[in-house]
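Comments concern the structure below.
No value in this document is a laboratory result; all are computed from the given coordinates. As the structure is a computational prediction, the values presented were derived from the model and not from experiment. Positions of Cβ are backbone-derived with ideal geometry, glycine not excepted, and every protein chain shown enters the neighbour counts.
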2 protein chains.
Amino acid sequence: MGERYFQHMFANGLTLLAEKMPGMQSAAMTFLVPAGASTDPIDRCGSATVLSDLVLRGAGERDSRQLTDYLDSLGLQRSSSVGVHHTRFGSAAVASKVIEALPTYADIVRRPRLPGDGFSAARDLALQALAGIDDEPRQKLMIKLREWHFPSPYGRNTMGKKEDLEKLTLELCRADWGQRYHSRDAILAVAGNVNFRELREEIDRHFGTWNGHAAGEFKRMPPPGRFHHEAQKSEQTHIGIAYPSIPETDPDYYTLRLAIEILSGGMSGRLFTEVREKRGLCYSVWAGYSSLKGSGSIFGYAGTSNDRAQATLDCFIEELHRLKKGVTEAELARAKTGLKASTIMQGESTSARAGAIAHDFFMRGRIRTLDEIKEAIDSVTLEKVNGYLKAHEPGPFTIVTVGPKELKLPL
Amino acid sequence: MGERYFQHMFANGLTLLAEKMPGMQSAAMTFLVPAGASTDPIDRCGSATVLSDLVLRGAGERDSRQLTDYLDSLGLQRSSSVGVHHTRFGSAAVASKVIEALPTYADIVRRPRLPGDGFSAARDLALQALAGIDDEPRQKLMIKLREWHFPSPYGRNTMGKKEDLEKLTLELCRADWGQRYHSRDAILAVAGNVNFRELREEIDRHFGTWNGHAAGEFKRMPPPGRFHHEAQKSEQTHIGIAYPSIPETDPDYYTLRLAIEILSGGMSGRLFTEVREKRGLCYSVWAGYSSLKGSGSIFGYAGTSNDRAQATLDCFIEELHRLKKGVTEAELARAKTGLKASTIMQGESTSARAGAIAHDFFMRGRIRTLDEIKEAIDSVTLEKVNGYLKAHEPGPFTIVTVGPKELKLPL
């Protein structure tokens with residue numbers, strides 16, 4: 001992998017990824033544990049979310065307070081979140097401190113204390129966060145759109161379900177930890193000012209004897225339908241549109257990405273200029289690519305006043321269909337420049353790179369170099385984009401709206 | 001200023017700031033024009049916001065579409081926003097492209113076309129964004145808290161007022177542009193892979209003959225009161241607390257910042273551990289320092305379920321008062337490490353540095369080096385922090401709540 005990248009899979013199935021970034025003082029870690037919302041037990045939606053909080057309430061030799069104080073004493077900027085596939089722990093700081101914290105992250109996933117009082121607090125906070133969505137119609141819309149677009153369990157709200165959270169117990173959480181916090185398919189990525197050999201030895205020392213259980217299989221269920229309206233008294237209507245697309249591993253991936261960049265990249269994107277700038281229909285509108293393992297989707301959003309909601313939806317759908325007629329050379333050139341510029345900016349952030357190499361490995365089984373990405377973007381021609389768009393009509397659409405009134409949907 | 005920093009004021013009052021960041025391919029620009037919401041004409045609140053959109057709808061030789069297409073063709077990641085003191089234009093990209101765009105930014109501020117159809121669209125979007133706040137109770141709370149904490153015009157909602165936006169005309173906007181888009185007190189900062197001499201020549205060429213008008217004076221009016229409740233049907237109550245503090249230029253600034261870091265930095269901050277972790281009272285709580293020119297404030301927020309709202313407010317106020325009793329050596333050590341780590345991370349982002357040097361110059365009349373900031377943090381002792389906290393009781397509090405029920409306020 002050359003001087004910049006490093007990849008190693010340990011015998012227990014844990015993969016270590018690293019990227020050396022010259023000139024950086026910092027490093028960032030992304031740690032993906034295969035405990036995402038899609039593998040929550042069927043009647044315990046939200047278990048991964050409660051667990052991701054609970055494992056941080058004391059681990060190894062340290063109780064909850066000691067653990068928090070210790071990690072803060074290293075100056076770590078920390079995060080944790082639950083996605084469809086993984087529970088993700090992130091940290092960033094001066095490089096040596098990120099390395100120094102690794103044994104503690106081994107404690108967190110391997111030797112969490114999972115205390116009873118911590119469980120009550122963690123579950124309460126999960127329930128409160130869930131209730132808080134009612135105050136965030138935009139967030140609510142995106143949650144509902146995923147539920148109606150993806151087959152279950154992929155479309156699950158990662159925050160869980162109220163009725164499931166309420167019947168969750170400490171014992172169930174402990175059992176779930178035993179089941180899902182394992183080394184097989186875990187990915188630990190570090191980017192920044194790092195030494196590969198030192199990093200590998202450190203990971204081997206603290207994670208080498210971590211055990212791997214096999215993950216259980218789960219059944220896929222189709223979403224409840226393609227159209228959903230969520231009544232909400234409001235001055236605004238929130239519109240969400242989704243449709244299936246190709247996975248990231250498809251050879252046409254950058255052809256598609258550039259088409260979507262033309263639709264919604266920068267300020268010259270079609271959606272922004274047509275829906276927002278020219279017609280003044282709404283103050284917020286975008287579309288973007290989103291991927292799960294093995295599949296891809298296009299997601300779109302528009303937030304607008306109630307009286308303009310129908311026109312906004314119609315105009316949005318019209319722009320999606322207009323893609324079939326092709327894009328111009330100038331649009332493609334701008335999209336390429338924009339996408340390459342983002343890639344270069346990402347190459348200057350240790351957190352962005354740690355996240356990107358972990359994502360790459362999960363989706364593709366390998367790290368892509370920044371040069372490889374730039375070359376892939378450059379190799380897309382106008383013929384490829386227009387051929388792709390002609391052959392791949394957008395749809396079928398899943399459409400979800402949040403607001404006072406149902407809209408007339410496109411056939 | 002050594003090898004890394006550069007500062008120059010042109011005869012017309014425009015200040016150029018630059019920071020050379022070795023190893024970066026990118027550069028970022030922050031351009032502060034002295035047209036903030038606080039200088040909106042008294043009966044035209046929101047004029048700066050409409051203008052910040054309108055000036056981008058065609059400038060110099062380019063119409064709206066050409067301008068947008070051109071800036072996107074450089075791969076610029078762009079932003080614009082209106083704050084209390086300034087209208088801010090930001091860009092980031094490969095360094096050479098940020099430089100290449102500078103003449104166009106001169107067009108935008110000096111030769112905008114200010115077209116009629118663009119005005120209608122810009123005003124419509126401003127009105128829609130304003131109406132959208134009703135769907136965002138957290139954002140609404142922070143807007144109201146500023147209105148009730150700061151003397152007018154500092155507390156104004158930068159998005160404007162509905163009745164003022166409705167009577168705004170193209171002619172008024174054009175006149176406002178003539179009045180407020182001027183070189184005196186404008187600040188243009190660039191950070192990243194830049195050449196000082198080239199940058200200075202480029203700025204001189206395109207902005208050197210930009211004219212300066214003197215800004216008008218305005219009258220300060222005290223806020224309407226210190227306590228406000230905004231009734232909103234909701235499962236959640238949003239609580240905002242503000243109180244006056246010292247300005248950034250005060251010698252005790254880092255003493256105070258570290259105290260606030262102990263209150264609300266990282267995961268070991270007192271608010272987070274007491275209010276959220278221990279008592280499980282709410283899912284979101286924080287406090288932070290916020291500055292205007294010549295004054296500083298502490299702002300705090302908590303979002304919680306209605307039945308826990310009173311306990312959350314009481315606990316928040318209790319934690320603020322508990323600061324008087326002093327902090328521990330361990331708390332201070334963690335706060336120092338945390339604040340220094342943020343400073344180091346900021347030093348690796350061209351956008352963060354461009355914003356920081358522009359802010360520094362506006363607040364202090366000079367750029368501070370990253371080393372100076374680190375030394376200032378290191379020089380704070382436990383005696384200083386505890387002496388400061390003993391001498392500066394928090395308050396008087398401005399308290400704003402958004403939710404279904406008024407809370408009992410502390411005396």
**Prompt:** Say the dipole of chain B comes from +1 at the beta carbon of Lys and Arg and -1 at that of Asp and Glu; which of B:VAL285, B:LEU188, B:SER73 then lies farthest toward its positive end?
**Reply:** B:VAL285
**Complete:** Taking Cα atoms only, helix B:329-346 is inclined relative to the longest principal axis of chain B by an angle, in degrees rounded to 10, of 20
**Asked** Residues of A:277-289, mean number of Cβ from any other protein chain within 10 Å of their own Cβ, rounded to a whole number?
**Response** 4
**Item:** Whole-number percent relative contact order across the range A:160-276, with pairs defined as alpha carbons under 8 Å at least 6 apart
**Value:** 17
**Request:** Work through the residues other than A:THR169 whose Cβ is under 12 Å from its Cβ and net out their charges, Lys, Arg +1 and Asp, Glu -1.
**Result:** 0
**Fill in**
About its Cα centre, the protein assembly as shown carries a charge dipole, from +1 on Lys and Arg Cβ atoms and -1 on Asp and Glu Cβ atoms, whose size in debye to the nearest 20 is 320
**Prompt:** Would you list B:PHE207, A:PHE299 from fewest to most Cβ contacts within 10 Å?
**Reply:** A:PHE299, B:PHE207
**Request:** Rank A:ILE357, B:GLN25, A:PHE119 by how far each Cα sits towards the positive end of the charge dipole of the protein assembly as shown (+1 on Lys, Arg Cβ; -1 on Asp, Glu Cβ) and give me just the farthest.
**Result:** A:PHE119
**Asked** Looking at the square roots a ≥ b ≥ c of the eigenvalues of the Cα gyration tensor of the protein assembly as shown, which shape do they give, rounded for a/c under 1.5, prolate if a/b is larger than b/c, or oblate?
**Response** rounded
**Asked** Taking the Cα atoms only, what angle lies between the long axis of helix A:382-391 and the longest principal axis of chain A, rounded to 10 degrees?
**Response** 80
**Prompt:** If you add up the charges near A:LYS20, with Lys and Arg at +1 and Asp and Glu at -1, over every other residue whose beta carbon is less than 9 angstrom from its beta carbon, what do you get?
**Reply:** -1
**Request:** Select from A:LYS20, A:LYS144, A:LYS219 the residue whose mean-square fluctuation is largest in a Gaussian network model of chain A (Cα-Cα springs shorter than 10 Å).
**Result:** A:LYS219
**Message:** Using a Cα-Cα cut-off of under 21 Å, which lysines could be cross-linked to A:LYS408, ignoring same-chain neighbours fewer than 8 residues away?
**Reply:** A:LYS140, A:LYS144, A:LYS233
**Complete:** Classified through the alpha carbon gyration tensor (a ≥ b ≥ c as square roots of its eigenvalues; rounded if a/c is under 1.5, else prolate when a/b is larger than b/c, else oblate), the range B:86-231 comes out prolate
**Asked** When the helices in chain A are scored as -39500 (n - 2.57) per DSSP H run of 4 or longer and the sum is shared across all residues, what 222 nm value do you end up with, to the nearest 500 deg cm²/dmol?
**Response** -12500 deg cm²/dmol
**Request:** Taking the Cβ of each residue in A:PHE10, A:PHE31 as the centre, tally the other Cβ atoms inside 10 Å and list the residues starting with the fewest.
**Result:** A:PHE10, A:PHE31
**Request:** Taking only the C-alpha atoms, wrap a convex hull around the range A:88-128 and report its volume per residue in Å³ as a whole number.
**Result:** 95
**Complete:** A correct fewest-to-most ranking of B:ILE260, A:ILE187 by other Cβ atoms within 10 Å would be B:ILE260, A:ILE187
**Request:** Note the distances from B:SER79 to each other copy's matching label point, with points 7 Å along the Cα-to-beta-carbon direction, in nm, sorted shortest first.
**Result:** 1.4
**Fill in**
Dividing the mean separation of Cα pairs under 8 Å (6+ apart) by the residue count of the range B:326-411 yields a relative contact order in percent of 37
**Asked** Averaged over A:126-136, how many beta carbons belonging to a partner chain fall within 10 Å of each residue's beta carbon?
**Response** 6
**Request:** Using Cα pairs closer than 8 Å and at least 6 residues apart in sequence, work out the relative contact order for chain A, in percent.
**Result:** 22
**Complete:** Burial-style ranking of B:300-307, A:134-141, average other-beta-carbon count within 10 Å with highest first, yields B:300-307, A:134-141
**Prompt:** In straight Cα distance, which lysines are under 18 Å from A:LYS336, not counting same-chain residues fewer than 8 positions off?
**Reply:** A:LYS374, A:LYS384, B:LYS97
**Prompt:** Dipole of the range B:88-203, Cα-centred, from +1 at each Lys and Arg C-beta and -1 at each Asp and Glu C-beta, to the nearest 20 debye?
**Reply:** 300
**Asked** Does chain A come out rounded, prolate or oblate by the C-alpha gyration tensor, with a ≥ b ≥ c the root eigenvalues, rounded set by a/c under 1.5 and, if not, prolate when a/b is larger than b/c and oblate if not?
**Response** oblate
**Asked** With axes computed from alpha carbons, what is the tilt in degrees of helix B:137-149 against the longest principal axis of chain B, rounded to the nearest 10 within 0 to 90?
**Response** 90
